[in-house]
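A.B. asks: Have a look at the structure that comes next, please.
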Amino acid sequence: MQARHYINGEWRDGDGWVDSLDPASGERLGAFAEGGEAQARAAVEAAAHAFEQPGWARNPRLRQQVLLAWAAALEPRHEALAELLTRENGKPLAQSRGEIGGAISEILYYAGLARHNPGAAMEVAPGEFSTLFREPAGVAGLIIPWNAPGVLLIRALAPALAAGCTTVIKPAAQTALFNAAILEPLLALDALPAGVVNLFTESGHAGAAHLVASPRVDVLSFTGSTATGTRIMQDAAPTMKKLSLELGGKSCCLVFEDADVEAIAPRLAAAATIISGQQCTAARRVLVHASRLEAMKKALGSALAALPLGHGLKPDSRIGPLIDHRARDLVAGQMDQAQQSCDQVILAGGRPDDPTLRDGAFLTPSLIQHRDSGAFFCQEEIFGPLLVLESFEDEAEAVARANHTEFGLSASVWTRDGARALRVARALRDGTVWINDHNKLFAEAETGGYRKSGLGRLHGFDALMDFTELKHVYQSVGTV
Ligand code: NAD
């Protein structure tokens, strides 16, 4: 398999090839074209030229047709794409199938919204009219991560296209083959004008940095870590471009005394180990009422220990490898440090003993208990299967602990008391709060972060706002 650059309506070779590996086995899957600033520059020029033509930015019906045709072309490839996603990213096949289904559904959602772009008109004084137009913002640069490269590509690209932007996509090196494969049926459409969608790959960051710094890129949408998001905000400042930043998180699950601990423990375990803990909204801290702490230790420790590790294509695997060996070693080090400095290790995690998993980037999950929410493992995002258990005495302490973080992405509240659930949900400073559930994400519902979890919203109608500008047109026509 090969993934090449796609610039101004044609596939192009790069500056050599970079291997893509299966993180579960180390097996070579194929190669992507090396690129960098030159490819980014050419892609931005193509997108800027395409934006100046009326054929795309002014034609919402064409935009809808293109999105519908892309979704239709993906349906018969659903299973093949899910398998490729599992091979390149490592996640279990059931998670990959769900991701492809969610991505197709989201393209359909934005295909509908492509034709729903209402503005406003008002008579501000007799015979004087103010009209507000929502216009496409221009060229959108999209930097997409590897952890959910299907749905995170679509939740940025589909609203950008629906809004009428032209685009340059820079996928993560780790999932470049998958991103080329999911884009290929879109790029093959005769109805898609050249330059509207451009794609380049790179093993480094020079091309991505060009998208950030170029004054010809009007919107930069980045999903990734808070550290890189901060750097992007600094580097983009001289251009004043619009920024959509979907960054890190440290999700808390607040479990009250009336919750059924034995029933919810397996659901918390699944929420913590989704994509091997490499999801921004994965459960990281479980805050449980003190009266249920011992029961939770037992139930959650057993639930985590029961999850089988293995290649994502094996039907019984519930936890696949981390994205690569470098990530595995980084997280293993953080896990070791946390296990050495916490109050209690309930389930020790780390490199598995199983010799059949030796070549893969696997880590078994870890559960630790700690009182001080200022500890580094309660504050820093650790992108792997590490879960921290803390206890609280009352609702106020639960909320204070959960809000003791620089992030604000997501949280969940577990209780049978409906009034408490809503009261606590409102008190939490997070962009998403689930009640008696976790990790429920939909095309229709906006997600995004408070504080250092980012800027703007993706998914839902509001995602269009990240890719549009609002224009006021005034005209005095007098009265009859
Ligand atoms: P990362 O911050 O390492 O981002 C890597 C990407 O940034 C690569 O594409 C790289 O080319 C690019 N990059 C690096 N330096 C750059 C620079 N100076 N200018 C422009 N681009 C640059 O993150 P990651 O490891 O790919 O992803 C994991 C992170 O993503 C986690 O923190 C996770 O929480 C976050 N995430 C957030 C959401 C969300 O919705 N909030 C969703 C998924 C992942």
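The values are calculated or read from the model by the stated rules, or taken from the named source; none is laboratory data. All figures in this text were calculated on a predicted structure; none of them were measured in a lab. Don't worry about glycine lacking a Cβ; one is built from the backbone with ideal geometry, like all the others, and counts go over all protein chains shown. What goes into the accessible areas is simple: the full protein's heavy atoms, side chains included, and nothing from ligands, DNA or RNA. Shrake-Rupley method; radii C 1.70, N 1.55, O 1.52, S 1.80 Å.
A.B. asks: What strands (runs of 3 or more DSSP E) lie completely within segment 336-406 and have 2 or more residues being touching a strand residue (DSSP E or B) at 6+ places or on another chain (Cβ under 6 Å) and surrounded by fewer than 17 Cβ atoms within 10 Å (Cβ to Cβ)?
C.D. replies: Qualifying strands (runs of 3 or more DSSP E): 344-347.
A.B. asks: Quickly run through segment 305-336 and pick out the residues that are closer than 11 Å to G360 by Cα and among the acidic types (D, E).
C.D. replies: Result: D324, single match.
A.B. asks: Filtering segment 217-237 down to residues that are among the charged types (D, E, K, R) and near the ligand (Cβ under 7 Å from one of its atoms), which residue is most open to solvent (accessible area, probe 1.4 Å)?
C.D. replies: In this case the residue turns out to be R231.
A.B. asks: Criterion first (near the ligand (Cβ under 8 Å from one of its atoms) and under 16 Å from the mean Cα position of the chain (by Cα)) does A158 satisfy it?
C.D. replies: No.
A.B. asks: Only one of these is at negative phi and either in contact (Cβ under 8 Å) with a residue 40 or more places away in the chain or among the hydrophobic types (A, V, I, L, M, F, W, C) (or both): S453, S341. Name it.
C.D. replies: Details: S341 fails: either in contact (Cβ under 8 Å) with a residue 40 or more places away in the chain or among the hydrophobic types (A, V, I, L, M, F, W, C) (or both).
Residue meeting the stated conditions: S453.
A.B. asks: Working carefully through the options A181, A194, A121, A173, find the one that is of a type in the set (A, V, I, L, M, F, W, C), open to solvent by 20 Å² or more (accessible area, probe 1.4 Å), away from the ligand (no atom under 14 Å from the Cβ) and in contact with a Ser or Thr (Cβ under 6 Å, 6 or more places away or on another chain). It would help to see each step written out before you state the result.
C.D. replies: On the way: A181 fails: in contact with a Ser or Thr (Cβ under 6 Å, 6 or more places away or on another chain); A194 fails: in contact with a Ser or Thr (Cβ under 6 Å, 6 or more places away or on another chain); A173 fails: away from the ligand (no atom under 14 Å from the Cβ).
Criteria check complete, one pass: A121.
A.B. asks: Which residue out of G333, G374, G350 is without any contact (Cβ under 8 Å) to a residue 40 or more places away in the chain and in contact with a helix residue (DSSP H, G or I) (Cβ under 6 Å, 6 or more places away or on another chain)?
C.D. replies: Checking each option against the conditions leaves just G350.
A.B. asks: Among the residues of segment 374-390, is any farther than 21 Å from D336 by Cβ, over 26 Å from the mean Cα position of the chain (by Cα) and modelled with pLDDT of 95 or more? Can you show your working first?
C.D. replies: Going residue by residue through segment 374-390, those that are farther than 21 Å from D336 by Cβ are none.
Checking segment 374-390: not a single residue is farther than 21 Å from D336 by Cβ, over 26 Å from the mean Cα position of the chain (by Cα) and modelled with pLDDT of 95 or more.
A.B. asks: Still on this structure, please answer the following. Could you identify the single residue in A111, A69, A24 that is aliphatic (A, V, I, L, M), closer than 30 Å to L322 by Cα and in contact with a helix residue (DSSP H, G or I) (Cβ under 9 Å, 6 or more places away or on another chain)? Walk me through it before giving the result.
C.D. replies: Values: A111 fails: closer than 30 Å to L322 by Cα; A69 fails: closer than 30 Å to L322 by Cα.
Answer to the selection: A24.
A.B. asks: Take the residues in segment 238-255 that are over 21 Å from A282 (Cβ atoms) and in contact (Cβ under 8 Å) with a residue 24 or more places away in the chain, then tell me which one is farthest from the ligand (Cβ to nearest atom).
C.D. replies: Here the answer is K242.
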